[in-house]
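In what follows, a single structure is set out as structure tokens and then discussed.
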Amino acid sequence: MNIKQAFSLILIVALLVFGSFLLGCSGADGATEAENDSKDSIEAAPATNENEADDKDKKKKDRNKGKDGDKDGKKEEAVPVEVSELALGQIESVLAFSANLEAESEVSVVAEAQRQVVELLVEEGDRARRGQVLLRLQNDEQTSALAKVKSQVAKAEREFVRQERLYKQELISEEEFNNKSYELEQLRIELADAERELGYTEVRAPISGTVTARMVNLGDQVQIGQDLFDMIDFDSIVARIYIPEKHLTELRTGLPAHVSAQAAPGLDYACTVKRIAPIVDAKSGTVKVTVAVGAKPGLRPGMYVDVNLITTTHNEAVLVPKRAVVYDNDQMYVYRLKDKNRVERVFFEPLLTDKYNIEPTSGLVAGDRVVIAGQAGLKEGALVKIPGEEGTTTVEPEATEETAEVVARASL
């Protein structure tokens with residue numbers, strides 16, 4: 001083989017190798033492009049299906065909006081609350097007022113003679129009966145005057161008896177007999193005056209009651225009309241309240257009332273209506289009502305008290321705790337526990353109201369369980385949980401055919 005032939009052979013082999021290389025690259029590019037086209041076509045179908053599923057999910061959420069459960073399809077969490085079972089009991093319609101206690105039987109004891117105090121027999125806080133001696137004044141002069149008049153009266157009575165006998169025998173004239181009778185009468189008047197003056201030296205209680213103040217000391221020289229003691233009959237303590245005339249038809253004597261005072265915490269005193277004024281005050285439009293309080297432990301005249309006048313009493317009433325009531329403008333309602341730990345709103349009108357409870361006109365019965373704590377975040381049909389009771393605390397969102405279809409497609 002010459003050099004020309006060898007060169008030609010090498011050139012042919014090089015051309016063949018280069019042609020093979022070009023052919024291999026072209027096939028690889030075609031295969032890659034075909035594979036990519038195939039993948040794009042395969043992925044396009046699920047994407048379309050997913051878009052359709054998303055549209056259906058949105059429609060389902062719109063349809064289920066406002067239903068129980070989370071709007072985003074999450075589990076519904078139960079709201080912790082405290083409940084109470086309604087029971088039957090007594091409730092009273094109460095008119096509440098405030099007043100100062102007064103004593104209707106209150107007197108000041110004054111001196112009726114100008115003398116020196118020689119004996120004090122009572123002190124502040126002592127009880128005294130009507131007519132009991134409270135103190136004594138110096139009485140030497142009055143005692144002597146009384147003894148003198150008594151002697152004169154005794155002599156005049158003896159003389160009158162003698163003159164009367166002579167007159168009957170017609171031994172003296174009628175004029176002489178009348179003069180002796182007049183003298184005896186005047187002496188008896190003087191005797192009464194002397195006894196009264198002596199009585200003024202003993203100061204006596206004008207009423208039965210308690211000595212609330214002593215304004216005199218032993219040895220004092222008192223003047224006529226000077227204040228010596230203050231006395232109060234605690235049984236006569238009353239509270240005067242002024243009630244609007246619109247309640248006039250509800251008032252009557254004997255109505256029960258409850259009196260309490262901040263100075264006597266925890267104590268409640270049963271009282272009654274003693275008097276009702278026969279007129280309405282034109283300026284204030286009120287009626288004066290006198291409540292008899294009487295002598296009660298812890299109460300004193302002048303104390304500021306609260307008076308609750310009971311106009312109506314219901315003994316078998318459904319009692320709704322005020323803690324359970326939710327107010328919406330002029331309406332009131334409670335959340336009542338239903339089956340499956342869900343609540344419902346129950347609107348009602350009040351019939352009677354006291355300090356702690358309300359009696360509804362209708363809608364609630366004894367045995368109903370109502371929410372008394374935690375109702376601020378509740379709504380109609382909300383799921384609740386009660387501490388100490390086992391129950392469902394979460395709820396899965398409601399499954400539908402559309403939800404199942406979406407899940408099936410997603411699994412593909």
Please get the size of the charge dipole for the range 112-230, origin at its Cα centre, with Cβ charges of +1 on Lys and Arg and -1 on Asp and Glu, quoted in debye to the nearest 20.
420
Could you line up Arg129, Arg196 from fewest to most neighbouring Cβ atoms inside 10 Å?
Arg129, Arg196
Arranged by the count of other C-beta atoms within 10 angstrom, fewest first, what order do Thr286, Thr201, Thr313, Thr249 take?
Thr249, Thr313, Thr286, Thr201
In order through the range 275-282: 3J(HN,Hα) via Karplus (6.51 cos²θ - 1.76 cosθ + 1.60), integer Hz, x for Gly, Pro
9, 10, 4, x, 10, 9, 5, 5
Taking K and R as +1 and D and E as -1, what net charge do the other residues with C-beta under 11 Å from the C-beta of His314 add up to?
-4
The local net charge around Thr253, scoring Lys/Arg +1 and Asp/Glu -1 for residues other than Thr253 whose Cβ lies under 15 Å from its Cβ, equals +4
Sequence-distant residues sharing a close amide H with Arg204 (under 5 Å, placed H)
Leu134
Rg/Rh for the range 210-308: what does it come to with C-alpha atoms and Rh from Kirkwood?
1.13
Per-residue HN-Hα couplings for the range 353-368 [Karplus 6.51, -1.76, 1.60; θ = phi - 60°; Hz; x = Gly/Pro]:
9, 10, 5, 10, 10, 10, 9, x, 6, 6, x, 10, 10, 4, x, 4
In whole angstrom, the spacing between the Cα centers of the range 268-341 and the range 166-205 equals 66
Residues with beta-carbon under 9 Å from that of Asn341, excluding Asn341: net charge, scoring Lys, Arg +1 and Asp, Glu -1?
+2
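Throughout, read-outs are computed from the coordinates displayed, never taken from laboratory work. Since the structure is predicted, the reported quantities are computational estimates derived from the model, not experimental observations. All Cβ positions, even for glycine, are placed from backbone atoms using ideal geometry, and neighbour counts span all protein chains on display.
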